[in-house]
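Undergrad: Pasting a structure here, questions to come.
The values are calculated or read from the model by the stated rules, or taken from the named source; none is laboratory data. Just so we're clear, the structure is a prediction, and the values are computed from it rather than from any experiment. Cβ: placed from backbone, ideal geometry, glycine included. Neighbour counts: every protein chain shown. Surface accessibility is based on the protein's heavy atoms, side chains included, excluding ligands, DNA and RNA. Shrake-Rupley method; radii C 1.70, N 1.55, O 1.52, S 1.80 Å.
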Amino acid sequence: MSHATRKNIGVIGLGIIGRSVAGNLRRKGFPVYVWNRSPRSVPNFVGSPGEVAEICNYIQIFVSDDDALLQTAQQLGERLTPRHLVLAHSTVAPDSMRAAAEIVERRKARFVEAPFTGSKTAAENGELVYYVCGNDAALRDARPILEASSKEIIEIGPTIGQASAIKIATNMITAASVQATAEALALVQALGLPLDKFIEAMRSNASHSATLAMKLPKMISRDFEPHFSAKHMLKDMQIANQIGLSNYLDLGVTAAARDQLLEQMHWGHGDDDYSVVARKYLHEPAPVAGEELQLDEQEEQTGAGESIASSAEMKTQSQQEAGPEVSPAPLISVASSGASNEATRLRPGFFKQLLSRLSSGKE
């Protein structure tokens, strides 16, 4: 520990958030040393978590999941002393956060739980919001470090695990909100309405939020550059559902959000932004206003009822050839003048496009 100083800060995990936090710390004048599982060509990159502990008394951990957090705590292991303060920022199950704290505190080092809200832009601008748990002395020493990359620090309580539970709960609402928005866009587009009018309507709606202000235009333009990846949001929804099962809670909306994220993972979109769930619903640009949705000549001859039956047969055959199914956009039925329903007329070439997507696994 001869090289360690109170001013040196170690950052472990250089993903979207970790590298931005390291940059903010440097701009605030802190000496920063970093480590990542895959080496990076960045200043003060060291060889291991243990080496971070040798150089730095303050260590921030921004790894992605429960296993990575516990492995990092174990790798810090014997290098920790009572002079160390470890800040864990991963979104993990409360039990995993408590286990990490136990590893650190076993070495008489101090531990602060500090998951955060805010994605890529907030991290770059030093505007994260931290939810923190720990004893008063540890929180007091951690505050200047957290302030370097945040606009607010919310103290949840003294018990490790409580902040993680709050973070998971907030992400449940975020994921459900974006999923509902994707479905709303599908409805607006299916009815041939301008998507920009939906944006305008949402701006004055009580359910509008900072998340929708950021995500909605990007969803419409199909811009899924990752600010918070689908694979990480999926992990959070899986944690939420596990907590729900453990407490006999029926988390139906959260389960639905999880399933849609899992579907995108299966299609290879796990590294895209979690708003990629809109990809399922917005396959094509919205129809021009006033344009009729017509069947092609072959579909007109067979009739709507026969077309639907044929599509089911073709879908079954395609499933056998192409493997796992992703549900296509549903056929919307509307009431006719009698008691029966008839299928709305579909886009030209709809079934050809459907078969192409199912057989290729692409959109």
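Undergrad: Please list, by residue number, every one of the chymotrypsin sites (Phe, Trp or Tyr not before Pro) in the range 198-270 that is coil in DSSP and has at most 11 other beta-carbon atoms within 10 Å.
TA: Values: sites: Phe198, Phe224, Phe228, Tyr248, Trp267; in loops: Phe224, Phe228, Tyr248, Trp267.
Passing both the DSSP loop test and the Cβ count: Tyr248.
Undergrad: Hey, any idea what % of the range 1-137's accessible area is carbon plus sulfur with a 1.4 Å probe?
TA: Details: 2680 of 5780 Å².
Carbon plus sulfur share of accessible area: 46 percent.
Undergrad: For the range 190-275, what percent of Cα pairs sit more than 21 Å apart? Working shown, then result.
TA: Details: 1640 of 3655 pairs.
Value for the range 190-275 (Cα pairs over 21 Å): 45 percent.
Undergrad: Also, quick follow-up: Relative contact order for the range 131-289: what is it in percent, counting Cα pairs under 8 Å that are at least 6 residues apart? It would help to have the intermediate numbers written out before the result.
TA: Numbers: 169 pairs, mean separation 45.6, N = 159.
Relative contact order, the range 131-289: 29 percent.
Undergrad: A further question follows. Output the peptides 91-100, 45-54 sorted from most to least packed, where packing is the average of other Cβ atoms within 10 Å over each peptide's residues. Please list the in-between numbers first.
TA: Values: 91-100: 21.9, 45-54: 17.6.
Going by the mean number of other Cβ atoms within 10 Å, highest first, we get 91-100, 45-54.
Undergrad: Could you sort out which of Lys120/Lys197; Lys151/Lys280; Lys167/Lys197; Lys120/Lys235; Lys120/Lys167 sit more than 26 Å apart by Cα distance in this structure? Intermediate results must be reported in sequence, preceding the final value.
TA: On the way: Lys120/Lys197 28 Å; Lys151/Lys280 35 Å; Lys167/Lys197 33 Å; Lys120/Lys235 18 Å; Lys120/Lys167 17 Å.
Beyond 26 Å: Lys120/Lys197; Lys151/Lys280; Lys167/Lys197.
Undergrad: Taking every DSSP beta bridge with both residues inside the range 1-149, roughly what % is antiparallel (nearest 5)? Write out the running numbers ahead of the final one.
TA: Details: 3 of 21 bridges.
Here the share of antiparallel DSSP bridges comes out near 15 percent.
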